[in-house]
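Enquirer: Sharing a structure below in structure tokens format, with a few things to ask.
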Amino acid sequence: MKRNDEAGIFPDRIIRSKRKTISLSVSRLGEVIVRAPLSTSEARIMAFVGEKQGWLAKQKNKINGAGIRLPQEDLNGYGFLLLGEKYTLTLYDGDNIRLDGENKRLFLPKKNTRLRLIKWLKENALRIFTAQTGVWAKNMGVTFQSVALSSAKTRWGTCSGENKIRYTYRLLYAPREVIDYVIVHELAHIKYKNHGKGFWALVESYLPDYKQHRKWLKERGALMEIF
């Protein structure tokens, strides 16, 4: 596409379809996507994008502020969040995964690195989430059936009608207080199978600052794309 230098922020993708209006969105990874009717000209699309520069800049700044980048093929030196703290992956010739909490480094074997890392993340996620769910359930006076993990990329947690709770293992990237928010959120669904006033009042009674934790998750949706 020919770019208008005055536009500033350009579309990364243009999707034309049988729709009536033009829409603009920014993906969790900062990709600018325009959806437009089949007959929409390039000039009209660029004019539309130009009109939305303020909004686009705001969305881009949120993503850049989160400091999230996806890993490349070579994981050595890659920095990512673990319980809300920045850790660096270091590949070595050993056989075991070692966590150096003092220096914020995670040592990984060079063989089957990604598979080993995901397995390690899931094992630790299940251990931490299960323990914390038990603590919060006792505090809230509720009973759940089970805790399990998922690989979901759209939801941090769910609570079924049978009170079975699942968390995406990727929640392990979040700070402990944010993890607690997701846990309290799902346990609150044992009493309220909706997001009505009663539900949010219950969440707030245990976590008065829950809105800032929810905001943290919304601004870092790109974390769902890591590993």
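Enquirer: Return the Cα extents of the stretch 13-66 along principal axes one, two and three, sorted largest first, each rounded to a whole Å.
Expert: 37, 19, 14
Enquirer: Quick check: pseudo-label points 7 Å beyond the Cα along Cα→Cβ at residue 201 and residue 151, how many nm apart are they?
Expert: 4.2
Enquirer: At 4 °C and a viscosity of 1.567 mPa s, what translational diffusion coefficient does Stokes-Einstein give for the stretch 112-225, taking Rh as the Kirkwood radius over Cα pairs? Give it in µm²/s as a whole number.
Expert: 90
Enquirer: Mind checking the full-extension length gain between residue 12 and residue 93? Use 0.36 nm per residue of separation minus the Cα-Cα distance, one decimal, nm.
Expert: Roughly 25.2 nm would be gained on extension.
Enquirer: Could you state the principal axis extents of the C-alpha atoms in the chain, from the largest down, to the nearest angstrom?
Expert: Sorted largest first, the three principal extents are 59, 53, 29 Å.
Enquirer: Give the aspartates and glutamates reachable from residue 164 as a straight Cα distance under 18 Å; neighbours fewer than 8 places away on the same chain don't count.
Expert: Cα-Cα hits under 18 Å: 180, 186.
Enquirer: Report, to the nearest 10°, how far helix 210-219 tilts away from the longest principal axis of the Cα atoms in the chain, using its own Cα long axis and a range of 0 to 90°.
Expert: Roughly 50 degrees, rounded to the nearest 10.
Enquirer: Compare 126, 171, 24 in a GNM of the chain, Cα atoms joined below 10 Å, and give the one with the largest fluctuation.
Expert: The residue with the greatest mean-square fluctuation here is 24.
Enquirer: Could you give the nm distance between label points at residue 112 and residue 127, where each point is 7 Å from its Cα heading toward the beta carbon?
Expert: 1.9
Enquirer: Which of the peptides 179-187, 13-21 is most tightly packed, and how do the rest follow, going by the mean number of other Cβ atoms within 10 Å of each residue?
Expert: 179-187, 13-21
Enquirer: Further question: For the chain, with a Gaussian network of springs between Cα atoms less than 10 Å apart, report the residue from 203, 135, 178 with the top mean-square fluctuation.
Expert: Largest GNM mean-square fluctuation: 135.
Enquirer: List, in the order given, every pair from 60/110; 20/215; 58/191; 191/211; 104/191 whose Cα-Cα distance in the structure shown is over 29 Å.
Expert: In this structure, 60/110; 20/215; 58/191; 104/191 exceed 29 Å between Cα atoms.
Any read-out appearing in this document is the output of simple, stated calculations on the displayed coordinates, not a laboratory observation. Treat the numbers as computed from the prediction; the structure is a model and nothing was measured. Using ideal geometry, Cβ is built from the backbone for each residue, glycine included, and neighbour counts are taken over all protein chains shown.
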